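Q: Structure provided below as structure tokens; questions to follow.
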Amino acid sequence: MPMIHATTSVELEQENRARSTHASVIARNGATELLGALEKFVSAMIHTYHRQIYLNNTLREDNPTTPPKFEDKSSTLVRAANQHEDTTDENENQKSMHKLLGSLRQHVFNNMPIRLLRFNAIAGELKIELVERGSIYDYLASILQQKSTLDEFLSDIEQEVWWYEGDRKFAEEKVVNRWVSKTARYAILSHTWLRDAPGEVTYANWTKASIDISKPGYQKLVNFCKTATQYHGLTLG
């Protein structure tokens, strides 16, 4: 008959005590290992710190110069941006001026008379000359390219751009057309030819420079030019 071993309460208590002791030993060993690892880590960090200090001191002794200064790039970037903006504005202004002169040329050669009288008061005397379309364009273009006139033209464009909410192309077209019409104004003389009286100025007289300025025909032209200048502010007719 097999023997049955009955575990007493004393034996159970001894077994539990042994297990608890074993667990305590394992816990102490784990804690010891963890503390050892932390000690090594701290020691390595301290060693690295002191080594860095040593290297810095060595470099400073070998090369006793002040630390390099780092340039503040913000001002440089601002200057570059401003230069780019100025260049962009300059290009836009050049394009606008080019378009203005192109429209002026088209207007002169397509819409204006083949020849006109150009008149201007010099030293109190009215000077009159007959000019062709090429000379008309050169004369008007020289007026538009004066700095004061150009500044006013570009300012006019910027105002229109603001008015049309940034639509520069549309605003530029309106301003160019307005300036061409304003600059290329001229007067038309309606007159009656003199009958049975010498001195009427003809095209041949202008080309041959054989005009008698004392004759009634020339004085008629002078009076016309004076009227166009004084009352209408024109220099072409």
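Laboratory data are not the source of any read-out in this text; all were calculated from the coordinates shown. Not measured: the values here are computed from a predicted model. Heads up, the Cβs are rebuilt from the backbone with ideal geometry, glycines too, and the neighbour counts pull from every protein chain shown.
Q: Using each residue's phi in the stretch 220-237, evaluate 6.51 cos²θ - 1.76 cosθ + 1.60 at θ = phi - 60° and report the 3J(HN,Hα) Karplus result to the nearest Hz, with x for Gly and Pro.
A: 4, 5, 4, 5, 5, 5, 4, 5, 5, 6, 6, 9, 10, x, 9, 10, 10, x
Q: Only loop residues by DSSP count here, and only those with at most 15 other Cβ atoms within 10 Å; note down the chymotrypsin sites (Phe, Trp or Tyr not before Pro) in the stretch 170-203 that meet that.
A: Passing both the DSSP loop test and the Cβ count: Trp193.
Q: Which one, Gln146, Asn111, Leu126, is farthest towards the positive end of the dipole of the stretch 100-154 when Lys and Arg carry +1 and Asp and Glu -1 on their Cβ?
A: Asn111
Q: For the stretch 83-232, give the magnitude of the charge dipole about the Cα centre (Cβ charges: +1 Lys/Arg, -1 Asp/Glu; no others), in debye to the nearest 20.
A: 1060 debye
Q: Same structure, new question: With the cut-off at 18 Å, tell me which of the pairs Lys127/Lys226; Lys95/Lys182; Lys147/Lys169 have Cα atoms farther apart than that.
A: Lys95/Lys182; Lys147/Lys169
Q: Counting other beta carbons within 10 Å of each residue's own, what order do Thr229, Thr149, Thr235 fall into, fewest first?
A: In order of increasing Cβ crowding within 10 Å: Thr149, Thr229, Thr235.
Q: Now a separate question. Write out the GluC sites (Glu not before Pro) in the stretch 85-184 meeting two conditions: DSSP loop, and at most 12 other Cβ atoms within 10 Å of their Cβ.
A: The qualifying sites are Glu165.
Q: So what's the convex hull volume per residue for the Cα atoms of the stretch 131-237, in Å³?
A: Residue-normalised Cα hull volume stands at 132 Å³.
Q: Then there's this: Quick check: net charge around Lys99, other residues with Cβ under 9 Å of its Cβ, Lys/Arg +1 and Asp/Glu -1?
A: Neighbourhood net charge equals -1.
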